[in-house]
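Read-outs throughout are calculated quantities, based only on the coordinates presented, and are distinct from any laboratory measurement. Note that the structure is a prediction, hence the values are computed from the model and not measured. All Cβ positions, glycine included, derive from the backbone under ideal geometry; neighbour counts span all protein chains shown.
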Amino acid sequence: MSPATGKKFEIAGWLLFIVSALFFIASAIKGGDWLSGLGGLFFLIACLVFLVPVFRRTSD
């Protein structure tokens, strides 16, 4: 697998994690569970933090 293809899969995986976090937060809001909502928010923030180095990498 080429490095460019690997990076696309990595980004796709993180985007799927972000979508999952958003659904988790929405479910927590609908159910009125603030603790789960807070957990989902922290998970979303962590996903975004992990994406920073992916977009800051320079091409080798």
The helix 34-56 Cα axis meets the longest alpha-carbon principal axis of the chain at an angle in degrees, between 0 and 90 and rounded to 10, of 10 degrees
Residue-normalised 222 nm signal for the chain, counting each DSSP H run of n ≥ 4 as -39,500 (n - 2.57), nearest 500 deg cm²/dmol, is -31000 deg cm²/dmol
Dipole check, the chain, charges on Cβ (K,R +1; D,E -1), about Cα centroid: among L22, P3, F43 the Cα furthest to the positive pole belongs to P3
With N residues in the chain, Rg(alpha-carbon) / (2.2 N^0.38 Å) equals 1.38
Length gained if F55 through K7 is fully extended, taking 0.36 nm per residue and subtracting the Cα-Cα distance, is 16.3 nm
Here the gain from full extension of L16 to A46, 0.36 nm per residue of separation minus their alpha-carbon distance, amounts to 9.5 nm
With +1 at each Lys and Arg Cβ and -1 at each Asp and Glu Cβ, the charge dipole magnitude of the chain around its Cα centre, to the nearest 20 debye, comes out at 140 debye
To the nearest 10 degrees, the tilt of helix 3-31 (Cα long axis) against the first principal axis of the alpha carbons of the chain is 10 degrees
